[in-house]
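K.L.:
One structure follows; several queries about it will come next.
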Amino acid sequence: MKWTKTNAQPSDTCPTARELRWFGHIDRHGPQSSEFLFELTRNSHRCKDTSLRRLQALRECGYLKLPPQQRQIAKADFHPYVYDLTAKGFEYLSTHKTLERHARPTGHWWHGFWVSAVSSAIEIGALKSGLDYIPASRILALRDAPMAMRLSQGKLIPDQLFAIKYPDGYRAFALELDRSTEPVRSKAARKSLQRSALQYREVLDQQLHRKHYGLKSNLNVLWVFLSRARKRQFEDLLEAQSPAITAVDLSLEYPQILDMADLLEPSKLLN
């Protein structure tokens, strides 16, 4: 990836139907690499070079931007560009659909980017499998609920929320992504894997997802780890007492659609 400056053109290139799908995907999940966006529409547009040129043109016209945080890692030039919508891009998209950006990951950029990559890979996998992906915005709209669920002590905010319609019915998923930035256990009142697991146990035991979000389906918690050792520690922590919690080990240094696809293929998310 070569980082270059571009000059916006005075006359805009009107985004096509495919590019509106890109915009909607970024709005739904968060910043996306060109690799993921190409994969999203690969069935109808198979030329990767054309896709990369169109992304560049949309950036030059001010619809897309390159978040600078993607440069803050080693060997950044070897990774695909990561794109996000500009204010102009959001405004243009809003003339075609209701925006979903209130359900995008928040907080530390790299954590949010990983979450957006995982949920994006799952939606792309669902589409390829002929399954319906229901984003957080549609779930939250059922009762006009916030993402945060009130607990007996404090609140729980999933990194992402979605559902998939399988042939035998719906399954809802809360997504959590672990980048090894939090302790496994902590006696202090701070976030840890142990504390988060106990919070989800309260949600599942009391069916709070049904009361809060208005969901009728069961809730599965998908915990994605970027470290195999952390996944083992987490599984020891659970002691096989939470069958609705699934731990997945990616062990990737950077989101890669092909490496994520097999582990996160929607049909494999069921317990």
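K.L.:
Hey, does the range 179-198 have a residue that's assigned to a strand (DSSP E or B), hydroxyl-bearing (Ser, Thr, Tyr), modelled with pLDDT under 95 and under 20 Å from the mean Cα position of the chain (by Cα)?
P.N.:
no
K.L.:
Could you say whether any residue in the range 239-251 is within 19 Å of the chain's Cα centre (by Cα) and assigned to a helix (DSSP H, G or I)?
P.N.:
No, the range 239-251 contains no residue that is within 19 Å of the chain's Cα centre (by Cα) and assigned to a helix (DSSP H, G or I).
K.L.:
Same structure again: In this structure, does Ala172 turn out to be of a type in the set (Gly, Ala, Ser) and touching a His at 6+ places or on another chain (Cβ under 8 Å)?
P.N.:
Yes.
K.L.:
Yes or no: the range 223-236 includes at least one residue that is closer than 25 Å to Ser251 by Cα, in contact with a Leu (Cβ under 7 Å, 6 or more places away or on another chain), of a type in the set (Val, Ile, Thr) and modelled with pLDDT under 95.
P.N.:
no
K.L.:
On to the next question. Tally up the residues in the range 14-38 that are open to solvent by 20 Å² or more (accessible area, probe 1.4 Å), part of a helix (DSSP H, G or I) and over 15 Å from Ala117 (Cα atoms), please.
P.N.:
So the count comes out to 4.
K.L.:
Which condition from (1) within 27 Å of Phe113 (Cα to Cα); (2) open to solvent by 10 Å² or more (accessible area, probe 1.4 Å); (3) not charged (D, E, K, R) is the one that Gln207 breaks?
P.N.:
For Gln207, the failing item is (1).
K.L.:
Follow-up question, since we're still on this one. Please tell me if Ser251 is at positive phi and either among the aromatic types (Phe, Trp, Tyr) or out of contact with any Asp or Glu (no Cβ under 8 Å at 6 or more places or on another chain) (or both).
P.N.:
Judged against the criteria, Ser251 is a match.
K.L.:
So which residues in the range 223-238 are within 22 Å of Ser129 (Cβ to Cβ) and either part of a helix (DSSP H, G or I) or without any contact (Cβ under 8 Å) to a residue 40 or more places away in the chain (or both), if there are any at all?
P.N.:
none
K.L.:
If you don't mind, another one. Here's a check for you: in the range 136-150, which residue that is in contact with a strand residue (DSSP E or B) (Cβ under 7 Å, 6 or more places away or on another chain) and surrounded by 15 or more Cβ atoms within 10 Å (Cβ to Cβ) is nearest to Thr106 (Cα to Cα)?
P.N.:
Met147
K.L.:
Within the range 39-72, can you find the residues that are surrounded by 12 or more Cβ atoms within 10 Å (Cβ to Cβ) and part of a loop (DSSP other than H, G, I, E, B)?
P.N.:
Thr41, Arg42, His45, Cys61, Gly62, Tyr63, Leu66, Pro67
K.L.:
Considering the range 244-271 alone, what residues qualify as being in contact (Cβ under 8 Å) with a residue 60 or more places away in the chain and either among the charged types (D, E, K, R) or open to solvent by 30 Å² or more (accessible area, probe 1.4 Å) (or both)?
P.N.:
Result: Gln256, Ala261, Glu265, Ser267, Leu270.
K.L.:
While we're looking at this one, here's another question. Output the residues belonging to the range 81-117 that are loosely packed, with under 14 Cβ neighbours inside 10 Å and of a type in the set (A, V, I, L, M, F, W, C).
P.N.:
If the condition is that a residue be loosely packed, with under 14 Cβ neighbours inside 10 Å and of a type in the set (A, V, I, L, M, F, W, C), then Ala87 is the only one that fits.
K.L.:
Additional query: Looking for something free of Cβ contacts under 8 Å to residues at least 24 places away in the same chain and either more than 27 Å from Gln72 (Cα to Cα) or open to solvent by less than 60 Å² (accessible area, probe 1.4 Å) (or both) - is there at least one such residue anywhere in the range 215-222?
P.N.:
no
K.L.:
Also, quick follow-up: May I ask you to list pairs of residues, at least six apart or on different chains, whose Cβ atoms are under 6 Å apart, with the first in the range 100-114 being under 18 Å from Ala87 (Cβ atoms) and the second being aliphatic (A, V, I, L, M) and crowded, with 21+ Cβ neighbours inside 10 Å?
P.N.:
Nothing qualifies.
K.L.:
Here is a follow-up. Please go through the range 151-166 and pick out each residue that is among the charged types (D, E, K, R) and open to solvent by less than 80 Å² (accessible area, probe 1.4 Å).
P.N.:
Matches in the range 151-166: Asp159 only.
The values are calculated or read from the model by the stated rules, or taken from the named source; none is laboratory data. Remember, it's a predicted structure, so these values are computed and weren't measured experimentally. Backbone-built Cβ (ideal geometry, glycine too); neighbour counts: all protein chains shown. Quick note on the areas: whole protein, heavy atoms, side chains included, nothing else; ligands and nucleic acids left out. Shrake-Rupley method; radii C 1.70, N 1.55, O 1.52, S 1.80 Å.
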